[in-house]
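A quick write-up on the structure given underneath.
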Amino acid sequence: MPLGKGFGIEPGLGRAALLGGGIGVAPLKILGRRLDAMGIPHDAFLGFADARSSVVAREFPGAEVATMDGSVGTHGTVLDAAGTLEGYGAIYSCGPNPMLAAVKLAAADNTLCQLSVEERMGCGNGSCNGCVVPVRGGNYVRSCVDGPVFRAEVLAW
């Protein structure tokens with residue numbers, strides 16, 4: 001069983017954008033299936049370092065792909081592949097923290113934006129504090145217990 005809290009799907013928000021980077025694309029496959037089952041339309045945007053690491057994109061028919069070296073899809077980041085995020089009622093993203101920070105900045109203030117962090121989780125029960133992430137107000141939360149999915153406005157980056 002996964003640790004912490006997953007993506008919270010809120011029906012009625014319209015089309016959703018799924019943005020994944022590197023190993024962060026894996027949980028988006030399951031999320032996409034859940035959205036399909038609920039009848040929520042969505043688009044997937046996936047970012048990788050190169051063609052070799054992008055082979056998992058085959059699991060996402062119709063996804064827009066970006067590679068940092070330009071060997072597959074758009075040359076650049078997952079946000080380069082996505083273009084604008086305007087018009088999406090919900091944004092769900094998983095990937096490295098710099099990518100998540102960029103997604104947070106690109107998301108409209110009135111859009112539901114949930115970010116799944118990729119922190120190392122030492123103990124898995126919150127006692128070691130090895131997986132903390134900064135939140136607004138100068139505090140930290142444990143991603144293994146309080147996350148790993150957070151609303152974008154909660155995170156302090």
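Before moving on, here are some points about what is shown:
- On the stretch given as region 36-57, residues that are within 18 Å of the chain's Cα centre (by Cα) and assigned to a helix (DSSP H, G or I) total 5.
- Test: HIS42 is under 16 Å from CYS94 (Cβ atoms) and either at pLDDT 95 or above or in the same structural domain as LYS104 (by TED's automatic domain parsing) (or both): yes
- When GLY73, GLY89, GLY126 are checked against the criterion of being more than 17 Å from the chain's Cα centre (by Cα) and closer than 24 Å to ARG33 by Cβ, GLY73 stands alone in meeting it.
- Which listed residue is small (Gly, Ala, Ser), without any contact (Cβ under 8 Å) to a residue 40 or more places away in the chain and closer than 27 Å to PRO11 by Cα, from ALA106, ALA152, ALA90, ALA66: ALA106
The values are calculated or read from the model by the stated rules, or taken from the named source; none is laboratory data. Predicted model, so just to flag it, every value in this text is computed and none were measured. So basically every Cβ, Gly included, is an ideal-geometry build from the backbone, and we count neighbours across all protein chains shown.
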